[in-house]
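Asks: Below is one structure. I have some questions about it.
The values are calculated or read from the model by the stated rules, or taken from the named source; none is laboratory data. What you see is a predicted model, and the numbers here were worked out from it, not measured in a lab. Neighbour counts are summed over all protein chains in view; Cβ atoms, including those assigned to glycine, are modelled from backbone coordinates with ideal geometry. Calculation scope for accessible area: heavy atoms of the full protein, side chains included, ligands and nucleic acids excluded. Shrake-Rupley method; radii C 1.70, N 1.55, O 1.52, S 1.80 Å.
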Amino acid sequence: MRALTFLLILAGWLPAQDLRQISLRTLCFKRVGDVKEVMLMGGTKEKPVPTPVPLYQSIYSDQIEAEVSGDKLTFSLPVTSKTGETVYKPVGEGALPSGNRLAAIFIPSGDADKPYQILVLDETEKAFPLGSTILVNLAPEPTRITLGEHDMTIPPGKMEKIPMATNVNDLKQATVRIFVPMEGPRKWRPVSSTTWRILPELRNLAIAYQNPKNGRTSVNCYQEVPPWRLPQFEEPKS
């Protein structure tokens, strides 16, 4: 009887042992429809815990604390079933990295059943150092980027990390140029040239994509000091 009791207790512990505490932010590259909020399905598969997360397009959301399990993050929308119950329909999922600080990037998938492809980044400073740039290539062709002294070509569907540039002007700015392949003796055609502010505390997330209207490759850049690196102010005591 004691052995059976122990096994039952142990079985009750197993789901909790699978739980991981994470701090999550979201960023929506482009919205599908007018949905501005989805649910992170935390907890376990047997006992899901939905947590609302916003889909901001130009900035990251605030950090959200949650407990998750398994090897994927799943995001859903609440819908009413034929029986009048609230059920959750998945809108996308992404592989769960090992870090405890994560950023979920929502990218349209073109799939009506699961409208988002979710790229989940490990935001810990070991995986995404201060001063560095992560470039995600969503374009259907290789994309070349020159950032200061760095020159890198990223295959379609891949992601690369670029160290902080040191070739900057007096305003701490580096020239950034984007190139796409072309035929003939010149293998690359420039499609964009701009400048980015380069500081040791700043990080860049850059997403290269092809505009479906004109077929041109562009880059959206999200530059920030991570919120945990910003000055923290105590709330005044009442």
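Asks: Please enumerate the residues belonging to segment 21-47 that are in a strand (DSSP E or B) and farther than 19 Å from Lys114 by Cα.
Replies: Gln21, Ile22, Ser23, Leu24, Arg25, Gly43
Asks: Name the residues in segment 28-74 that are in contact (Cβ under 8 Å) with a residue 40 or more places away in the chain, small (Gly, Ala, Ser) and buried (at least 18 other Cβ atoms within 10 Å of the Cβ), would you?
Replies: Residues satisfying the conditions are Ala66, Ser69.
Asks: Pick from segment 180-201 the residues that are open to solvent by 60 Å² or more (accessible area, probe 1.4 Å) and without any contact (Cβ under 8 Å) to a residue 12 or more places away in the chain: which of them is farthest from Leu135 (Cα to Cα)?
Replies: My answer is Pro185.
Asks: For Asp113, indicate whether it is on the phi < 0 side of the Ramachandran plot and free of Cβ contacts under 8 Å to residues at least 12 places away in the same chain.
Replies: Yes; evaluated as a whole, the condition is true for this residue.
Asks: Among Asn214, Asn204, which is touching a residue at least 60 places away in the same chain (Cβ under 8 Å) and not hydrophobic (A, V, I, L, M, F, W, C)?
Replies: Asn204
Asks: Which residues, counting only those in segment 138-152, are open to solvent by 60 Å² or more (accessible area, probe 1.4 Å) and modelled with pLDDT of 95 or more?
Replies: Glu149, Asp151
Asks: Suppose the filter is surrounded by 19 or more Cβ atoms within 10 Å (Cβ to Cβ), over 29 Å from Lys36 (Cβ atoms), touching a residue at least 40 places away in the same chain (Cβ under 8 Å) and among the polar types (S, T, N, Q); does Thr133 pass it?
Replies: Taking the combined requirement at face value, the residue does not satisfy it.
Asks: Considering only residues of segment 75-85 that are free of Cβ contacts under 8 Å to residues at least 12 places away in the same chain and at negative phi, which is nearest to the chain's Cα centre (by Cα)?
Replies: That would be Val79.
Asks: What tally of residues in segment 67-97 results from selecting those that are modelled with pLDDT of 90 or more and in a loop (DSSP other than H, G, I, E, B)?
Replies: Going through segment 67-97 one residue at a time, the tally reaches 5.
Asks: Sort out which residues of segment 161-179 are farther than 17 Å from Gln223 by Cβ and open to solvent by less than 70 Å² (accessible area, probe 1.4 Å), and write them in order of number.
Replies: Phe179
Residues checked against (1) more than 21 Å from Ser61 (Cα to Cα); (2) at pLDDT below 95; (3) touching an Asp or Glu at 6+ places or on another chain (Cβ under 8 Å); (4) not hydrophobic (A, V, I, L, M, F, W, C):
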position	(1), (2), (3), (4)
Ala11	yes, yes, no, no
Leu14	yes, yes, no, no
Leu19	yes, yes, yes, no
Thr26	no, no, no, yes
Arg31	no, yes, no, yes
Val35	no, yes, no, no
Met41	no, no, no, no
Glu46	yes, yes, no, yes
